[in-house]
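Notes follow the structure.
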Amino acid sequence: MLFQLEGSQAVARAVALCRPKIVCAYPITPQTHIVEGLGELVRSKKLENCEYINVESEMAALSVAIGSEAAGVRSYTATSSQGLLYMMEAVYNASGLELPIVMTLGNRAIGSPINIWNDHTDAMSVRDSGWIMLFAETNQEAVDLHIQAFKIAEKAKCPVMVCVDGFILTHAYERVDLPSQKEVDEFLPDYEPHISLDTEHPTAIGTMVPPEYFMEVRYLAHKRQIDTLPVVECVGTQFKEKFGRKSGGLLHEYNLEKAETVIVTMGSVAGTIKDTVDELNANGSKLGVLSIVSYRPFPKEAIREALKNAKEVIVLEKAFAVGIGGILHQEIALALQDLGIAIHSVIAGLGGRAITSEMIREYFNNKKHDNMVFLGLKEDVIDREYRPIKNSECNNKF
Amino acid sequence: MSNSTIGNRLSKKRNSVQSHYDRPNTLNSGHRACQGCGEALAARCAIDAAYHAAKGNIAIVNATGCLEVFSCVFPENAWNVPWMHSLFGNAPSVATGVAAAMQVQGKNVRVIAQGGDGATTDIGMGTLSGMFERNDDVLYICYDNQAYMNTGVQRSSATPVLARTATTLPNSIYSGNELGTGKNVPEIAIAHGIPYVATASIANIKDLEEKVAKAINIKGAKYVHIHVPCPLGWGYPTSETIKIARAAVECGMFPLFEAENGKIVGSTPIETVKPVEEYLRLQRRFAHLFGKNANPQAVEELQKIASANIEKYKLSGGIVNV
Ligand SMILES: Cc1ncc(C[n+]2csc(CCOP(=O)(O)OP(=O)(O)O)c2C)c(N)n1
Ligand code: SF4
Ligand SMILES: [Mg+2]
């Protein structure tokens, strides 16, 4: 059924349709409206047989979910930015314990300087944690990915983080199609825990693993993530069959057949990029867009296949690793390394800086694409604030 | 104290769980604790008592620390109950999640979270306070060996003043852990107004068992703080663990009391109050207070703490043996 809803409310209702039994969270902008929405659904008994736990920190939020999932029930939490860092230890713990928790990450920059607006630095900080990470492009996809996330998590025995751009999606009112409870129940079976604290069959969960076995544990976690690629793909296909729209899967491809230059990106900015690409293509450009839904597991082969005809790839991302550069850029460059494609890096939209069509047009008009471009960087501010380190004792070899 | 020995045969009523022919052995032999480990002994007694009182329906969440490490190194496991370890500072929250999940599933499983003093009074304090404040249906047991033992005996907020640890080494400037520091977590628990708080000692196993057995079946948040000497960290022969635990209780350094809903409801009086010095002299961690560079003033400071406990918790007066 169609509704005009704020992104967060839409996500809250989608999560409720998945019948979690435990919801716990700690407030942080821009995630707050999602958990407020769920709290209200639990308190009004619209979401039944579910307990909403108001915890005292993000460390507790994810830890409660770890406990409840280990005791055998479907569990959900949500956070953003500083909150994700505050629970970081538990993030690795949840994946290490193979607990299929679903968590929404309302993507937001990380301080200092403190900044509540959108970018992907928070998500990138946990890219090696062993979670499955899915990026939503629209509010509709945010809804759909949550429904898919529980299924993927429980099949893969791995927690899933659904990344939803803070404010741009979480606070935007858009029309979304929310499936009925019956449809979701048909799509998502009851949770059958694969491990659980069971008094009939006592087991120990989370034991110390010595050097004799630790490498194998990590190797198997990697292997399982790779094995999850077809699961993500297949759940996307099942979703399309059931609900009639394409949402999720590994990648979204746009105009790749004819494109010579492909912009690779993640999340909501793909919409702006596609609009701009349409305009530019109408004037003779040959541009395409590849947006990555499944960032972890990283669909290396699917990306190679999608980009095999491209002459040039531009990775536009809302995060970067200080001291090196674009993070997704490095991963794409590694994936494509033997294909002879020119690869450029664009860092954009940090801390909520708007990414506009004009900026993207200007980037393409400015023919020479430097290796790393910061889109919309204010050169005058840099000139004013930049102070080279005085270093006369060492000769400058770098 | 006739009630403090395992297997007391004088009175059936005074028998400890440990002396039952069907004691549950929740923490089984074969774990890797040091010989004479007070924490291992306390955990076995406490969890056996909880198991007994909850008819086997218990699940445990263990914080990182000696107890976790010595009981459960893959592929070995010394626990005969469902047990999990997540992190150092989050055991109370994980237990909240376990308890909530048991409740929504309609399962009658009593949930215990446990950890050392470091896990409890320092790194897990926030999550512990949250669990207390929400009155979650969890029994938290703190095994207080008064330092970070698993990492090599560093100071925690439960380390007694003037004690030597690896990070409070006595020298010509300092006499061990600084005066005026430390945190009284049983009192902090009481201040949360939770249904039940108790302190216990492995010197008095029957009392320990009774407190745990009582706590496990109370609905809401419960806290039991157990004094557990550590031969390695405190510096004494492994055969003297019980003796030292008893000395701590008998001098008033470790008061035994119970509180309900924010009020102290009872304490265990000391039969014959002993001077603190007797307790201190048994342990190398206080050795710098005696001998060549003796520091009688420091001993006096510790005596003041013990005497204040005796007054505050009404510990003098003796008990009637049954
Ligand atoms: C976040 C974090 N910080 C530090 C540690 C290191 N660490 C592991 S066990 C431990 C000491 C535990 O002390 P306590 O809780 O008193 O238990 P004990 O070993 O004394 O029984 C420390 C500091 C850790 N595992 N995790
Ligand atoms: S160091 Fe102390 S607490 Fe740890 S196992 Fe040894 S005796 Fe027990
Ligand atoms: Mg300790």
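The values are calculated or read from the model by the stated rules, or taken from the named source; none is laboratory data. None of these values were measured; they are calculated from a predicted model. Glycine also receives a Cβ, built like all others from the backbone with ideal geometry; neighbour counts cover every protein chain displayed. All accessible areas refer to the heavy atoms of the entire protein, side chains included, with ligands and DNA or RNA removed. Shrake-Rupley method; radii C 1.70, N 1.55, O 1.52, S 1.80 Å.
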What number goes with the only condition from (1) farther than 20 Å from residue A:20 by Cβ; (2) more than 8 Å from ligand 1 (Cβ to nearest atom) that residue B:115 does not pass? (2)
The condition of being open to solvent by 10 Å² or more (accessible area, probe 1.4 Å), on the phi < 0 side of the Ramachandran plot and either of a type in the set (Gly, Ala, Ser) or in a helix (DSSP H, G or I) (or both) holds, among A:140, A:148, only for A:140
Residues in the range B:130-161 that are of a type in the set (Gly, Ala, Ser), touching a Ser or Thr at 6+ places or on another chain (Cβ under 8 Å) and within 14 Å of ligand 2 (Cβ to nearest atom): how many? 3
If you scan the range A:307-350, which residues turn out to be touching a strand residue (DSSP E or B) at 6+ places or on another chain (Cβ under 8 Å) and either farther than 29 Å from residue A:108 by Cβ or among the aromatic types (Phe, Trp, Tyr) (or both)? A:307, A:310, A:311, A:312, A:320, A:336, A:341, A:342
Considering residues of the range B:100-144 that are more than 13 Å from the chain's Cα centre (by Cα) and of a type in the set (S, T, N, Q) only, the residue surrounded by the most Cβ atoms within 10 Å (Cβ to Cβ): B:127
Determine whether the range A:259-269 contains at least one residue that is open to solvent by 30 Å² or more (accessible area, probe 1.4 Å), over 30 Å from residue A:351 (Cβ atoms) and in the same structural domain as residue A:333 (by TED's automatic domain parsing). yes
Picking from B:32, B:44, the residue that is within 13 Å of ligand 2 (Cβ to nearest atom) and within 12 Å of another protein chain (Cβ to nearest Cβ) would be B:32
Positions within the range B:49-65 being closer than 11 Å to residue B:216 by Cα and of a type in the set (Val, Ile, Thr), in sequence order: B:58
Being in contact (Cβ under 8 Å) with a residue 40 or more places away in the chain, open to solvent by 10 Å² or more (accessible area, probe 1.4 Å) and within 13 Å of ligand 1 (Cβ to nearest atom) is the filter here, so list the residues in the range B:40-90 that pass it. B:41, B:64, B:65, B:66, B:69
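Yes/no per residue for (1) touching a residue at least 24 places away in the same chain (Cβ under 8 Å); (2) within 14 Å of ligand 1 (Cβ to nearest atom):
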{"residue": "B:133", "(1), (2)": "yes, no"}
{"residue": "B:142", "(1), (2)": "yes, yes"}
{"residue": "B:152", "(1), (2)": "no, yes"}
{"residue": "B:155", "(1), (2)": "no, yes"}
{"residue": "B:169", "(1), (2)": "no, no"}
Can you tell me which residue in the range B:98-154 is farthest from the other protein chains (Cβ to nearest Cβ), limited to those that are assigned to a loop (DSSP other than H, G, I, E, B) and within 24 Å of residue B:190 (Cα to Cα)? B:146
Residue hits (the range B:47-97; at the interface with chain A (Cβ under 7 Å from one of its Cβ atoms) and on the phi > 0 side of the Ramachandran plot) are B:56
